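Worksheet for the structure shown next.
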Amino acid sequence: MHTRANGSSTTPAIGLGCMCLSHAYGTPPPPEQASAVLLKALDLGYTHLDTAALYGFGANERLLGETLKGRRHEYFLATKGGMFGLDGKRVIDGRPETVRRNLEDSLRHLRTDVIDLYYLHRWDKQVPIEDSVGEVSRMVSEGKVRTIGLCEVSAPTIRKAHAVHPIAALQTEYSLWTRNAEVAALAACRELNITFVAFSPLGRGFLTGELRDVSALPPKDIRLAMPRFQGDNFEQNLRLLDGLAAIARESGCTMGQTALAWLLAQGPHILPIPGTTRLDHLEENLRAQDVQLTPAAIARLNVLINPNTVSGARYSAAVQAEIDTEEIGDL
Ligand SMILES: NC(=O)c1ccc[n+]([C@@H]2O[C@H](COP(=O)([O-])OP(=O)(O)OC[C@H]3O[C@@H](n4cnc5c(N)ncnc54)[C@H](OP(=O)(O)O)[C@@H]3O)[C@@H](O)[C@H]2O)c1
């Protein structure tokens, strides 16, 4: 197992994003399948599990708590607050009292008394980041949280938060087709010794080559609202996949493994957290840590898939307005 620093801990180079077991990509799998994925993940050697209060509006945390009860010491637990479900709607609220209530709910749902890494899922722009992080730092003092993380924030916001309490991890979308972190966030993390947790590292499935027909997606799949999965953008993006398949073939691995190995090659402080509902994909994704892409393969990937060759924004304008990251053009 290849390991990397994860804040002050060490975890395998590939973590497990648990979101799609309860949320996001159409109808979630039945509970027995979701539990089987979690149990198999621990058996295979995953130890970094990433969840959030938002996912399934508490269902994902409850799934982890129930399935893995009695095994808490076997995994590094990351969860998130400050964005959650209320009356059937997604709410961003970073007020200290709300973040505290989120944490208490998460501890109960996850059947634990301490979270290894507690993220603010979004910076609530109505609340100074110092106030939200300040509250989480009090939870650290109380022993309920070990380390603090932020999601989808810019380098200046990271620095402001870091001045209040050391930030252990930044979780932001990063993959071959989403390069915004290259503007400033990756460098800020490197400088401040912050682990960069790359979410949606498989491009929400696109980079695996298995998603070629968006009309087959179920109506509630959140990808349908994302510009790069729509209409002409998606048709243009599909043209990138033949080249990616060729590089994967020559590298002796799958397209998804190529995408994950590319990420691992971008810096030793990067931890991708692919998500899956399938046991075979779980194993395939973990084994990406063994793939060594040649410098020539990495250079070809960068020419093939980059902000100039990908069509469409990653988020709708409404969702884009909620985040704080530096963006490259509309990518
Ligand atoms: N902080 C944030 O704002 C934020 C936002 C989004 C996600 N996240 C975190 O990041 C994690 C991962 O992101 P994600 O789930 O959005 O995207 P992802 O990991 O890029 O892609 C997941 C999709 O890829 C498919 N897939 C996974 N492995 C595959 C393989 N080997 N071959 C073919 N298809 C494969 C999955 O379908 P199958 O089920 O069929 O495998 C799923 O539809 C989430 O679980 C969550 O923890 C955080």
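The values are calculated or read from the model by the stated rules, or taken from the named source; none is laboratory data. From a predicted model like this one, the values you see are computed outputs, not experimental measurements. Neighbour counts are summed over all protein chains in view; Cβ atoms, including those assigned to glycine, are modelled from backbone coordinates with ideal geometry.
Among the residues of the range 219-231, is there at least one that is over 12 Å from L176 (Cα atoms) and modelled with pLDDT under 95? Checked the range 219-231: at least one residue is over 12 Å from L176 (Cα atoms) and modelled with pLDDT under 95. If the condition is being of a type in the set (A, V, I, L, M) and within 15 Å of the ligand (Cβ to nearest atom), then the range 76-120 contributes L77, A78, M83, V91, I92, L110, I115, L117, L120. In the range 242-252, the count of residues that are over 18 Å from C20 (Cβ atoms), in contact with a strand residue (DSSP E or B) (Cβ under 6 Å, 6 or more places away or on another chain) and of a type in the set (S, T, N, Q) is zero. One residue alone among L63, L110, L68 is in contact with a Cys (Cβ under 8 Å, 6 or more places away or on another chain) and at negative phi, and that residue is L63. Take A299 and decide whether it is out of contact with any Gly (no Cβ under 9 Å at 6 or more places or on another chain) and either without any contact (Cβ under 8 Å) to a residue 12 or more places away in the chain or among the acidic types (D, E) (or both). Yes; evaluated as a whole, the condition is true for this residue. Among the residues making up the range 151-167, those that are more than 15 Å from the ligand (Cβ to nearest atom) and not basic (K, R) are A155, P156, A161, H162, A163, V164, H165, P166.
The residues on offer are H48, H23, and the sole one that is farther than 17 Å from A198 by Cα, in contact with a Phe, Trp or Tyr (Cβ under 7 Å, 6 or more places away or on another chain) and within 14 Å of the ligand (Cβ to nearest atom) is H23. Residues in the range 7-20 that are of a type outside the set (V, I, T) and either away from the ligand (no atom under 14 Å from the Cβ) or surrounded by fewer than 17 Cβ atoms within 10 Å (Cβ to Cβ) (or both): G7, S8, S9, P12, A13.
If the condition is being more than 20 Å from P274 (Cα to Cα) and touching a residue at least 60 places away in the same chain (Cβ under 8 Å), then the range 236-256 contributes Q236, N237, L240, G243. Within the range 186-223, the residues that satisfy the criterion of being away from the ligand (no atom under 13 Å from the Cβ) and either closer than 30 Å to A163 by Cα or in contact with a helix residue (DSSP H, G or I) (Cβ under 8 Å, 6 or more places away or on another chain) (or both) are L186, A187, A188, C189, R190, E191, L192, N193, I194, T195.
Taking only pairs six or more apart or across chains, which ones have beta-carbon atoms under 7 Å, a first residue in the range 1-30 that is free of Cβ contacts under 8 Å to residues at least 12 places away in the same chain, and a second residue that is surrounded by 15 or more Cβ atoms within 10 Å (Cβ to Cβ) and assigned to a loop (DSSP other than H, G, I, E, B)? Pairs found: T3/A13. Counting only strands (runs of 3 or more DSSP E) that sit completely within the range 142-218, those holding 1 or more residues that are in contact with a His (Cβ under 6 Å, 6 or more places away or on another chain) and under 18 Å from A261 (Cβ atoms) correspond to 195-199. Residues in the range 3-33 that are β-branched (V, I, T) and either part of a helix (DSSP H, G or I) or at pLDDT 95 or above (or both): T3, T10, T11, I14.
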